[in-house]
Amino acid sequence: MARGRDLAPDALGPTIVIGEILVEIMATTRGLGFLEPIPLLGPYPSGAPAIFIDQCAKVGGSAGIVATVGDDDFGRINVARLQADGCDVSAIRVSSDHPTGSAFVRYREDGSRDFVYNIGTSAAARISLTPEAQSLFERAGHLHVMGTAFAIPGAFEMIEAALSAVVARGGSVSLDPNLRKELMGQGQTAERFASLVDRADLVLPSGDELFVAAGLDAEDPSEAEAVAALFARGVGEIALKRGEHGSTVFRADGARVDAPAFAVEEVDPTGAGDCFGGAYVACRRLGLGPAEALDYANAAGARNVAVRGPMEGAGTRAELDAFIARTPRRS
């Protein structure tokens, strides 16, 4: 596939993602941390790649995930949710030695969050190139890479294997640079991240991630400079998430689309960007233009923040149509 063109059509094969699956357990009261007994809700299916691919499948795109869960109820509820929503779960490995990853979350009064994670010592960090994963790579039409995968040992090598297989079939690549800043200074992460930017057809940054993806170190770089830098590296399309300020699509052919956010009361922002990305990638691969895909992506993100749970608001196309019809937009 030549750089700068639209994403590969859905008919070529599923959109695939590699990374962590976990459960999220949420405190029902606001406060500082988990230093005393407090009421909790969950477990909720979670993990950025799982949220992305679930929304991708729910909106009608073909979709699959490579991941590992434990042989436990936390793993089972994740696999059941993804399968029920139309995702190919054939490459989800079940570990008998490690539990499914987990994240305990509590909101502070100012809206920030405290987390207690078990990812590095869980099944989530034990992904491997199984025959099932290789089979999924070889029939995929699009690879979506999430920056969170850089925290998982061996993930980059699997991403490279998937990328080679997808590109060889004429498929396309998208990148969500959701990468913790501290990881950029570790080992080869910065170099590997840059190599993925150079091969991405679509980049979906949030806020300042635009400048990270563009590799700009200058003080106070402009948005226009970052966009131009990404296009110079071969990126064909950028879908910039602006939160409550909506979103913008920039294309290498000079086209630009701005879309306002939907006015909803925020209940839980976790997963909003992942739902945005899942809807946008699926809609573009299904043949929708940037403006229509952006509207669905904004709706998917807004619908998800209005309910508690990382992927509880992921919507089908009919559900998103109903949401768009009844929900006002911010001015």
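The values are calculated or read from the model by the stated rules, or taken from the named source; none is laboratory data. Keep in mind that what you see is a predicted model, and the values were worked out from it rather than measured. FYI the Cβ positions are ideal-geometry reconstructions off the backbone, even for glycines, and counts take in every protein chain you see. Heavy atoms of the whole protein, side chains included, go into the accessibility calculation; ligands, DNA and RNA do not. Shrake-Rupley method; radii C 1.70, N 1.55, O 1.52, S 1.80 Å.
Show me the helices (runs of 4 or more DSSP H) entirely contained within segment 220-331 in which 3 or more residues are more than 17 Å from Val203 (Cβ to Cβ). Reasoning before the result, please.
Numbers: elements: 223-232, 272-285, 290-305, 317-326.
In segment 220-331, 290-305, 317-326 are the helices (runs of 4 or more DSSP H) which contain 3 or more residues that are more than 17 Å from Val203 (Cβ to Cβ).
Show the residue pairs that are 6+ apart or on different chains and have beta-carbon atoms under 6 Å apart, the first residue being within segment 207-219 and part of a loop (DSSP other than H, G, I, E, B), the second being of a type outside the set (D, E, K, R).
Correct list of pairs: Leu216/Ala226.
So that you can scan it fast, the table gives a plain yes or no per residue for (1) touching a residue at least 40 places away in the same chain (Cβ under 8 Å); (2) of a type in the set (Asp, Glu); (3) within 18 Å of Ala50 (Cα to Cα):
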residue	(1), (2), (3)
Ser128	yes, no, yes
Leu136	yes, no, yes
Thr148	yes, no, yes
Ala155	yes, no, yes
Ile159	yes, no, yes
Leu175	no, no, yes
Arg199	no, no, no
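Determine which single condition Ala80 fails, assuming it passes every other condition in (1) open to solvent by 10 Å² or more (accessible area, probe 1.4 Å); (2) more than 21 Å from Gly271 (Cβ to Cβ); (3) among the small types (Gly, Ala, Ser); (4) at pLDDT 95 or above.
Here Ala80 meets the rest and fails (2).
Of the residues that make up segment 125-145, is at least one under 17 Å from Tyr44 (Cβ atoms), within 18 Å of the chain's Cα centre (by Cα) and surrounded by 22 or more Cβ atoms within 10 Å (Cβ to Cβ)?
No, segment 125-145 has no match at all.
Could you tell me how many of the residues in segment 311-323 are open to solvent by 50 Å² or more (accessible area, probe 1.4 Å) and either aliphatic (A, V, I, L, M) or touching a Pro at 6+ places or on another chain (Cβ under 7 Å) (or both)?
Within segment 311-323, residues that are open to solvent by 50 Å² or more (accessible area, probe 1.4 Å) and either aliphatic (A, V, I, L, M) or touching a Pro at 6+ places or on another chain (Cβ under 7 Å) (or both) number 1.
Would you confirm, using the coordinates I've provided, whether Glu36 is of a type in the set (Asp, Glu) and either modelled with pLDDT of 95 or more or closer than 30 Å to Leu288 by Cα (or both)? Explain how you work it out, then say what you get.
Numbers: of a type in the set (Asp, Glu): yes; either modelled with pLDDT of 95 or more or closer than 30 Å to Leu288 by Cα (or both): no.
When the stated conditions are applied, Glu36 does not pass them.
Of everything in segment 6-33, what is closer than 16 Å to Ala103 by Cα and surrounded by 17 or more Cβ atoms within 10 Å (Cβ to Cβ)? Give them in sequence order.
Correct list: Gly19, Glu20, Ile21, Leu22, Val23, Glu24, Ile25, Met26, Ala27.
Scan segment 90-111 for residues that are assigned to a loop (DSSP other than H, G, I, E, B) and surrounded by 22 or more Cβ atoms within 10 Å (Cβ to Cβ) and report the count.
Matching residues across segment 90-111 total 2.
Go through (1) more than 30 Å from Arg317 (Cβ to Cβ); (2) open to solvent by less than 50 Å² (accessible area, probe 1.4 Å); (3) at pLDDT 95 or above; (4) of a type in the set (Asp, Glu) for Asp114 and report which single condition fails.
Asp114 satisfies every listed condition except (3).
Condition check ((1) closer than 26 Å to Val166 by Cβ; (2) in contact (Cβ under 8 Å) with a residue 12 or more places away in the chain; (3) over 19 Å from the mean Cα position of the chain (by Cα)) across all residues:
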{"position": "Ala27", "(1), (2), (3)": "no, yes, yes"}
{"position": "Leu32", "(1), (2), (3)": "no, yes, yes"}
{"position": "Pro37", "(1), (2), (3)": "no, no, yes"}
{"position": "Leu40", "(1), (2), (3)": "no, yes, yes"}
{"position": "Ala57", "(1), (2), (3)": "yes, yes, no"}
{"position": "Ile65", "(1), (2), (3)": "yes, yes, no"}
{"position": "Asp71", "(1), (2), (3)": "no, yes, yes"}
{"position": "Leu82", "(1), (2), (3)": "yes, yes, no"}
{"position": "Ala91", "(1), (2), (3)": "yes, yes, no"}
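Kindly check whether there is at least one residue in segment 293-310 that is of a type in the set (Lys, Arg), in contact with a helix residue (DSSP H, G or I) (Cβ under 8 Å, 6 or more places away or on another chain), open to solvent by 30 Å² or more (accessible area, probe 1.4 Å) and farther than 29 Å from Arg30 by Cβ.
no
Identify the residue in segment 237-269 that is of a type in the set (Lys, Arg) and under 19 Å from the mean Cα position of the chain (by Cα) and, among all such residues, is surrounded by the most Cβ atoms within 10 Å (Cβ to Cβ).
Lys241
Which residues, taken from segment 197-226, are more than 16 Å from the chain's Cα centre (by Cα), closer than 19 Å to Val17 by Cα and among the hydrophobic types (A, V, I, L, M, F, W, C)? Talk me through it step by step, then tell me what you get.
We begin by selecting, within segment 197-226, every residue more than 16 Å from the chain's Cα centre (by Cα); these are 198-199, 208, 211-212, 214-226.
Then keep just the ones that are closer than 19 Å to Val17 by Cα; that gives 198-199.
If the condition is that a residue be more than 16 Å from the chain's Cα centre (by Cα), closer than 19 Å to Val17 by Cα and among the hydrophobic types (A, V, I, L, M, F, W, C), then no residue fits.
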